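Contents: one structure, followed by commentary.
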């Protein structure tokens, strides 16, 4: 997967990178990916090493807004332009831009339709850092902040070999110099308002980049870190990658919500299917367990015709109930009600029906894993060559999903968006729809 896709850059125009462990390489990778279809401007509010000048096709030195006059012309000729100050007097580095110059740069880039990439602090080549008092320098109009960590720091001693400003890291984490760093330490540091979240504009999205995810052990460590980071409402997703590679991204870990559709009156069955008892529990309970066990969070249950009864049988479950007074107008009304509850913070949502008892947590987990690996707009199980439920919908599909009307559900999106399949056994094709289906279900209690 491309880094641009993992960061969901398509709707972001000003992106700041902070932290340590691969910022410059990530900017280089992103510049290469984006400049194929969009102009890119690269700059820094700190310093840029001289040997990184080749990160863009052209280089403009500007110490004040007036010296940006040539930028529009350069963007007309080149797909990417690096903009820095002069060479520093005491270091082999390009100086960063001051506030007035970067503000003017932002205006020009916006007019040109260019993506603006900003390196917003330095780390002296280390893999982890805590910011000093003067950093990071993130302009308020940045709409995506990407804090970066190198996973090679896991298991390393807390000292200056792999950690920039180790004494600040020790202070923030309550550690002693020389202590070994674990995944939990990285998660705590990167979610700290004085650590990885320092200086992030309130309006900006945050997607953390865990770089150097080159081995199964590092990917496993990254998963632990991601779990800790996603406990913070400030973090939208965590990207596990090796940005030095052409196909850099291993996984994108984010909140995948579950919506259990349990509002109907089951007219054809003659009784509320969501309340049919099977293996000692109502069917809706089994759907909720599949969602919770599969790692979905939050899990929303949309109720309607049998709202009181459904609430009662799920009273002890950690779910959010959403009332749908318009349930009789079709499945889409429940879909919309549930989606509206979760869409703000969800990377994706899985829609579960309340009458498919053989859908279990293993299948839900498999859908989530495939989405992490691909970020496909749609991820669905396939059994015996037939599409089945439940379906995972990526957040890029949410506007289209909201437009669905009547009793159609989300199946028409398969004619609009690409999909990937998770092959599964045919038991999940069972659908409790008519009285004739009940004996078949009870035979498998």
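Computed from the coordinates by the stated procedures, all read-outs in this text should not be read as laboratory data. What you see is a predicted model, and the numbers here were worked out from it, not measured in a lab. Counting neighbours? That spans all protein chains shown, and the Cβs are built from the backbone with ideal geometry, glycine included.
Within the range 256-442, DSSP assigns beta bridges of which about 35% are antiparallel (rounded to the nearest 5). As a rough footprinting exposure proxy, the listed residues 180, 29 were ranked by other beta carbons within 10 Å of their own, and the order from fewest upward is 180, 29.
So for the range 1-109, averaging the separation of alpha carbon pairs under 8 Å that are six or more residues apart and normalising by length, what relative contact order in percent results? Taking the mean separation of contacting Cα pairs over the length of the range 1-109, I get 27 percent. Determine the relative contact order of the chain: mean sequence separation of Cα pairs under 8 Å and six or more apart, normalised by residue count, in whole percent. It rounds to 13 percent for the chain. Segment residue 289..residue 51, full-extension length gain: 80.3 nm, with 0.36 nm per residue of separation and the alpha-carbon distance subtracted. Tally the DSSP beta bridges in the chain and give the antiparallel ones as a percent, rounded to 5. Around 25 percent antiparallel, to the nearest 5. Most simply put, the range 1-157 has about 15% antiparallel DSSP beta bridges, counting only bridges with both residues inside it.
Here each label is just a point 7 Å from Cα along the line to Cβ, and for residue 72 and residue 134 those points are 3.4 nm apart. The length gained on full extension between residue 63 and residue 86, counted as 0.36 nm times the residue separation minus their Cα-Cα distance, comes to 7.6 nm. Helix 99-112 axis versus longest C-alpha principal axis of the chain: approximately 60°, rounded to the nearest ten.
Annotation for the range 300-349 versus the range 215-233: alpha-carbon center distance of 30 Å. Given the C-alpha centroids of the range 274-295 and the range 370-409, what is the distance between them in whole angstrom? The range 274-295 and the range 370-409 have Cα centres separated by 21 Å.
The alpha carbon gyration tensor of the range 256-442 gives principal lengths a ≥ b ≥ c with a/c below 1.5, which makes the shape rounded.
With neighbour counts taken as other beta-carbon atoms within 10 Å, the residues 367, 82 rank, fewest first, as 367, 82. For the chain, the equivalent ellipsoid built from the Cα gyration tensor has semi-axes of 47, 24, 18 Å, listed from largest to smallest.
Placing dummy labels 7 Å off each Cα toward the beta-carbon, the span from residue 37 to residue 179 is 4.5 nm. Take the alpha carbon gyration tensor of the range 136-252, find the square roots of its eigenvalues, order them as a ≥ b ≥ c, and report rounded if a/c is under 1.5; if not, report prolate when a/b exceeds b/c, else oblate. Oblate is the answer for the range 136-252, as a/c is 1.5 or above yet b/c matches or exceeds a/b.
Taking square-rooted eigenvalues a ≥ b ≥ c of the alpha carbon gyration tensor, is the range 1-101 rounded, prolate or oblate, where a/c under 1.5 means rounded and, failing that, a/b exceeding b/c means prolate?
oblate
Centre-to-centre, using Cα atoms only, the range 95-122 and the range 1-77 are separated by 9 Å. Of the residues 393, 398, 48, the one with the fewest other Cβ atoms within 10 Å heads the list, and the complete ranking is 398, 48, 393. Protection proxy ranking of 242-248, 369-375, by the mean of other Cβ atoms within 10 Å over each peptide's residues and highest first, is 369-375, 242-248.
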